[in-house]
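The values are calculated or read from the model by the stated rules, or taken from the named source; none is laboratory data. Quick caveat, the model's predicted, so the values are computed rather than measured. Here the Cβ positions follow ideal geometry from the backbone for every residue, glycine too, while neighbour counts run over all protein chains shown. We work out accessible area using only protein heavy atoms, side chains counted, and drop any ligands, DNA or RNA first. Shrake-Rupley method; radii C 1.70, N 1.55, O 1.52, S 1.80 Å.
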2 protein chains.
Amino acid sequence: MINDQQKRLARYAKALGHPVRIFVLQTLSLQSCCYSGDLTEILPIAKSTLSQHLKELKDAGLIQGEIEAPRIKYCINKENWKEAQLLLKAFFDI
Amino acid sequence: MINDQQKRLARYAKALGHPVRIFVLQTLSLQSCCYSGDLTEILPIAKSTLSQHLKELKDAGLIQGEIEAPRIKYCINKENWKEAQLLLKAFFDI
DNA sequence: ATATTTGTTCGCAATATTACGAACAACCAT
DNA sequence: ATGGTTGTTCGTAATATTGCGAACAAATAT
(Lines give C-alpha, C1' and ligand atoms only; values in the text may rest on other atoms or scores of the structure.)
Protein backbone atom coordinates (compact mmCIF):
# COMPACT_ATOMS: atom_id res chain seq x y z
CA MET A 1 0.00 0.00 0.00
CA ILE A 2 2.51 2.55 1.16
CA ASN A 3 5.75 2.18 -0.74
CA ASP A 4 9.36 2.32 0.28
CA GLN A 5 9.98 5.83 -0.98
CA GLN A 6 7.15 7.16 1.15
CA LYS A 7 8.54 5.35 4.16
CA ARG A 8 12.04 6.70 3.61
CA LEU A 9 10.72 10.22 3.13
CA ALA A 10 8.72 9.94 6.35
CA ARG A 11 11.80 8.62 8.14
CA TYR A 12 13.90 11.59 7.08
CA ALA A 13 11.14 14.04 7.88
CA LYS A 14 10.74 12.55 11.32
CA ALA A 15 14.45 13.08 11.98
CA LEU A 16 14.01 16.75 11.00
CA GLY A 17 11.04 17.06 13.32
CA HIS A 18 12.75 18.70 16.27
CA PRO A 19 14.21 22.23 16.55
CA VAL A 20 17.46 21.01 18.10
CA ARG A 21 18.04 18.58 15.25
CA ILE A 22 17.30 21.29 12.69
CA PHE A 23 19.85 23.48 14.41
CA VAL A 24 22.46 20.72 14.47
CA LEU A 25 22.00 19.95 10.79
CA GLN A 26 22.20 23.63 9.85
CA THR A 27 25.39 23.99 11.85
CA LEU A 28 26.90 20.91 10.25
CA SER A 29 26.05 21.91 6.72
CA LEU A 30 27.33 25.46 7.21
CA GLN A 31 30.73 24.39 8.55
CA SER A 32 30.91 20.89 7.04
CA CYS A 33 31.74 19.27 10.39
CA CYS A 34 31.82 19.97 14.10
CA TYR A 35 32.41 18.41 17.47
CA SER A 36 29.71 17.45 19.91
CA GLY A 37 31.26 19.75 22.50
CA ASP A 38 30.87 22.76 20.22
CA LEU A 39 27.15 22.14 20.18
CA THR A 40 26.91 21.53 23.92
CA GLU A 41 28.37 24.98 24.53
CA ILE A 42 25.76 26.67 22.37
CA LEU A 43 22.63 24.64 22.99
CA PRO A 44 20.82 24.97 26.32
CA ILE A 45 20.36 21.24 26.83
CA ALA A 46 22.17 18.54 28.77
CA LYS A 47 24.93 16.73 26.91
CA SER A 48 23.11 13.44 27.35
CA THR A 49 20.08 14.94 25.62
CA LEU A 50 22.22 16.23 22.77
CA SER A 51 23.77 12.81 22.48
CA GLN A 52 20.31 11.32 21.99
CA HIS A 53 19.48 13.79 19.26
CA LEU A 54 22.76 13.03 17.51
CA LYS A 55 21.97 9.33 17.75
CA GLU A 56 18.56 10.01 16.23
CA LEU A 57 20.18 11.81 13.29
CA LYS A 58 22.76 9.05 12.94
CA ASP A 59 20.09 6.33 12.94
CA ALA A 60 18.19 8.23 10.26
CA GLY A 61 21.40 8.31 8.23
CA LEU A 62 21.65 12.08 8.01
CA ILE A 63 24.93 12.42 9.89
CA GLN A 64 27.94 10.32 10.69
CA GLY A 65 30.49 10.46 13.47
CA GLU A 66 34.22 9.96 13.20
CA ILE A 67 36.36 9.34 16.25
CA GLU A 68 39.08 11.88 16.76
CA ALA A 69 39.98 10.92 20.26
CA PRO A 70 38.95 11.99 22.73
CA ARG A 71 36.37 13.84 20.68
CA ILE A 72 33.99 12.82 17.94
CA LYS A 73 33.73 14.76 14.74
CA TYR A 74 30.23 14.83 13.30
CA CYS A 75 29.57 15.48 9.62
CA ILE A 76 26.64 15.41 7.28
CA ASN A 77 26.20 12.05 5.52
CA LYS A 78 26.22 13.57 2.07
CA GLU A 79 24.77 10.60 0.24
CA ASN A 80 21.68 10.33 2.41
CA TRP A 81 21.41 14.09 2.74
CA LYS A 82 21.15 14.20 -1.04
CA GLU A 83 18.53 11.49 -1.04
CA ALA A 84 16.46 13.32 1.54
CA GLN A 85 16.76 16.49 -0.52
CA LEU A 86 15.63 14.72 -3.69
CA LEU A 87 12.74 12.93 -2.01
CA LEU A 88 11.50 16.18 -0.49
CA LYS A 89 11.95 18.05 -3.73
CA ALA A 90 9.94 15.45 -5.62
CA PHE A 91 7.34 15.53 -2.88
CA PHE A 92 6.78 19.27 -3.02
CA ASP A 93 7.07 19.60 -6.79
CA ILE A 94 4.30 17.07 -7.30
CA MET B 1 18.85 30.38 20.88
CA ILE B 2 16.73 28.50 18.41
CA ASN B 3 14.73 30.89 16.28
CA ASP B 4 11.18 30.85 15.05
CA GLN B 5 12.02 29.71 11.52
CA GLN B 6 13.77 26.65 12.88
CA LYS B 7 10.80 25.86 15.07
CA ARG B 8 8.33 26.22 12.21
CA LEU B 9 10.48 24.05 9.96
CA ALA B 10 10.68 21.39 12.65
CA ARG B 11 6.90 21.60 13.11
CA TYR B 12 6.25 20.98 9.42
CA ALA B 13 8.82 18.22 9.26
CA LYS B 14 7.26 16.52 12.25
CA ALA B 15 3.89 16.53 10.49
CA LEU B 16 5.54 14.86 7.49
CA GLY B 17 7.10 12.25 9.74
CA HIS B 18 4.68 9.40 9.20
CA PRO B 19 4.11 7.32 6.04
CA VAL B 20 0.33 7.66 6.24
CA ARG B 21 0.56 11.43 6.38
CA ILE B 22 2.99 11.49 3.45
CA PHE B 23 0.50 9.39 1.50
CA VAL B 24 -2.40 11.67 2.40
CA LEU B 25 -0.52 14.79 1.36
CA GLN B 26 0.57 13.21 -1.92
CA THR B 27 -2.99 12.21 -2.66
CA LEU B 28 -4.28 15.68 -1.84
CA SER B 29 -1.72 17.48 -3.93
CA LEU B 30 -2.21 15.18 -6.90
CA GLN B 31 -5.99 15.63 -7.01
CA SER B 32 -6.28 18.98 -5.23
CA CYS B 33 -8.88 17.70 -2.76
CA CYS B 34 -10.46 14.52 -1.51
CA TYR B 35 -12.86 13.12 1.04
CA SER B 36 -11.84 11.31 4.17
CA GLY B 37 -13.82 8.28 3.03
CA ASP B 38 -11.76 7.99 -0.15
CA LEU B 39 -8.67 7.58 2.00
CA THR B 40 -10.31 5.12 4.40
CA GLU B 41 -11.05 2.83 1.47
CA ILE B 42 -7.43 2.79 0.35
CA LEU B 43 -5.50 2.88 3.58
CA PRO B 44 -5.38 -0.21 5.81
CA ILE B 45 -6.07 1.67 9.03
CA ALA B 46 -9.13 2.33 11.16
CA LYS B 47 -11.09 5.45 10.31
CA SER B 48 -10.47 6.82 13.80
CA THR B 49 -6.74 6.49 13.23
CA LEU B 50 -6.98 8.28 9.90
CA SER B 51 -8.98 11.02 11.60
CA GLN B 52 -6.12 11.50 14.05
CA HIS B 53 -3.59 11.80 11.24
CA LEU B 54 -5.80 14.33 9.47
CA LYS B 55 -6.07 16.31 12.68
CA GLU B 56 -2.30 16.24 12.97
CA LEU B 57 -1.94 17.66 9.47
CA LYS B 58 -4.63 20.24 10.17
CA ASP B 59 -2.96 21.35 13.40
CA ALA B 60 0.33 21.72 11.56
CA GLY B 61 -1.50 23.88 9.03
CA LEU B 62 -0.75 21.74 6.01
CA ILE B 63 -4.36 20.86 5.19
CA GLN B 64 -7.80 22.26 5.77
CA GLY B 65 -11.22 20.67 5.86
CA GLU B 66 -14.43 22.01 4.39
CA ILE B 67 -17.80 20.60 5.36
CA GLU B 68 -19.77 19.22 2.44
CA ALA B 69 -22.36 17.38 4.44
CA PRO B 70 -22.36 14.66 5.33
CA ARG B 71 -18.77 14.47 4.18
CA ILE B 72 -15.70 16.62 4.69
CA LYS B 73 -13.60 17.76 1.79
CA TYR B 74 -9.91 18.00 2.64
CA CYS B 75 -7.53 20.18 0.66
CA ILE B 76 -3.96 21.33 0.90
CA ASN B 77 -3.56 24.64 2.73
CA LYS B 78 -1.65 26.26 -0.11
CA GLU B 79 -0.25 29.15 1.88
CA ASN B 80 1.37 27.00 4.55
CA TRP B 81 2.32 24.34 2.03
CA LYS B 82 4.27 27.03 0.22
CA GLU B 83 5.92 28.13 3.42
CA ALA B 84 6.96 24.58 4.26
CA GLN B 85 8.35 24.20 0.76
CA LEU B 86 10.37 27.40 1.03
CA LEU B 87 11.68 26.62 4.50
CA LEU B 88 12.80 23.18 3.41
CA LYS B 89 14.32 24.50 0.21
CA ALA B 90 16.31 27.11 2.12
CA PHE B 91 17.33 24.43 4.60
CA PHE B 92 18.73 22.05 2.00
CA ASP B 93 20.26 24.73 -0.21
CA ILE B 94 22.32 26.09 2.65
C1' DA C 1 49.41 5.72 38.41
C1' DT C 2 46.09 9.41 38.61
C1' DA C 3 43.42 12.91 36.94
C1' DT C 4 41.08 15.29 33.09
C1' DT C 5 38.46 15.61 28.98
C1' DT C 6 34.86 13.89 25.94
C1' DG C 7 30.87 11.72 24.90
C1' DT C 8 27.80 7.56 25.55
C1' DT C 9 24.84 4.70 28.27
C1' DC C 10 21.72 3.84 32.17
C1' DG C 11 17.84 4.73 35.07
C1' DC C 12 14.07 7.38 35.66
C1' DA C 13 10.02 10.40 34.79
C1' DA C 14 6.75 12.95 32.11
C1' DT C 15 4.55 13.44 27.99
C1' DA C 16 3.41 12.32 23.09
C1' DT C 17 2.39 9.15 19.42
C1' DT C 18 0.06 5.47 17.23
C1' DA C 19 -3.68 2.44 17.02
C1' DC C 20 -8.19 0.30 17.76
C1' DG C 21 -13.24 -0.23 18.67
C1' DA C 22 -17.30 1.77 20.58
C1' DA C 23 -20.04 5.58 21.20
C1' DC C 24 -21.53 9.82 19.48
C1' DA C 25 -23.06 13.87 16.47
C1' DA C 26 -24.61 15.79 12.12
C1' DC C 27 -26.76 15.40 8.07
C1' DC C 28 -29.50 13.19 4.48
C1' DA C 29 -33.15 9.96 2.70
C1' DT C 30 -37.12 7.49 3.22
C1' DA D 1 -39.75 9.42 12.96
C1' DT D 2 -36.43 5.93 11.55
C1' DG D 3 -32.49 4.50 9.40
C1' DG D 4 -28.11 5.13 6.79
C1' DT D 5 -23.81 7.56 5.85
C1' DT D 6 -19.81 10.15 7.36
C1' DG D 7 -16.47 11.45 10.34
C1' DT D 8 -15.08 12.91 15.13
C1' DT D 9 -14.39 12.03 19.93
C1' DC D 10 -13.70 8.99 23.92
C1' DG D 11 -11.52 5.40 26.42
C1' DT D 12 -7.81 2.42 26.51
C1' DA D 13 -3.35 0.32 25.64
C1' DA D 14 1.30 -0.13 23.95
C1' DT D 15 5.19 2.12 22.56
C1' DA D 16 8.16 6.24 21.51
C1' DT D 17 10.00 10.69 22.55
C1' DT D 18 12.18 14.12 25.25
C1' DG D 19 14.81 15.39 29.07
C1' DC D 20 17.86 15.14 33.12
C1' DG D 21 21.68 13.62 36.25
C1' DA D 22 24.72 10.00 37.53
C1' DA D 23 27.62 6.49 36.23
C1' DC D 24 30.62 4.78 32.88
C1' DA D 25 34.25 4.09 29.07
C1' DA D 26 38.15 5.62 26.31
C1' DA D 27 41.81 8.39 25.41
C1' DT D 28 45.06 11.96 26.80
C1' DA D 29 47.79 14.54 30.03
C1' DT D 30 50.22 15.16 34.33
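Quick one: label points 7 angstrom along Cα→Cβ at A:I2, distances to the other copies in nm, smallest first?
So the distances to the same position in the other copies read 2.4 nm.
Size of the dipole of chain A about the Cα centre, Lys and Arg at +1 and Asp and Glu at -1 on the beta carbon, nothing else charged, in debye to 20? Mind showing how you got there, number by number?
Values: 13 positive and 10 negative charges, 34 e Å.
The calculated dipole for chain A is roughly 160 debye.
Suppose each label sits 7 Å from its Cα in the direction of the beta carbon; what would the A:E79-B:D38 distance come out to in nanometres?
Distance between the two pseudo-spin positions: 3.9 nm.
Can you list the distances in nanometres, one decimal and ascending, from the B:S32 label point to the identical position in each other copy, with the point 7 Å along Cα to Cβ?
4.9
Just checking the output field for A:75-86: average partner chain Cβ neighbours within 10 Å of each residue's Cβ?
The shielding value for this peptide is 1.
If one takes the longest principal axis of the Cα atoms in chain A, at what angle in degrees, from 0 to 90 and to the nearest 10, does the Cα axis of helix A:78-92 lie?
40 degrees
Straight-line reach from B:K55: which lysines have a Cα under 21 Å away, not including same-chain ones fewer than 8 places off?
Answer for B:K55, where 21 Å is the Cα cut-off: A:K7, A:K14, B:K7, B:K14, B:K47, B:K73, B:K78, B:K82, listed by chain and number.
Estimate the FRET efficiency between B:N3 and A:I94 by the formula 1/(1 + (r/R0)^6), using the beta-carbon distance for r and 41 Å for R0, to the nearest 0.05.
So the FRET efficiency works out to roughly 0.90.
Using a 1.4 Å probe, what is the accessible area per residue for chain A, in Å²? Don't jump to the answer; show the numbers that get you there.
Working: 5140 Å² over 94 residues.
For chain A, the per-residue accessible area is 55 Å².
Rounded to whole Hz and in sequence order, give me ³J(HN,Hα) for segment A:20-37 from the Karplus expression 6.51 cos²θ - 1.76 cosθ + 1.60, θ = phi - 60°, writing x for Gly and Pro.
The phi angles translate into 4, 6, 4, 4, 4, 5, 4, 4, 5, 7, 6, 10, 6, 8, 6, 9, 4, x Hz.
Only protein chains counted, 1.4 angstrom probe. Which residues of segment A:1-39 are at least 30 Å² less accessible in the assembly than when their chain is isolated?
Correct list: A:M1, A:I2, A:Q6, A:A10, A:A13, A:L16, A:G17, A:P19, A:I22, A:F23, A:Q26.
Which log10 I(q)/I(0) values, to two decimals, does segment A:1-83 give at q = 0.11, 0.23 Å⁻¹ under the Debye formula with one point per Cα?
-0.29, -1.13
Name the residue farthest towards the positive end of the dipole of segment A:10-94 from the options A:A13, A:N77, A:L30, assuming +1 on Cβ of Lys and Arg, -1 on Cβ of Asp and Glu, about the Cα centre.
A:A13
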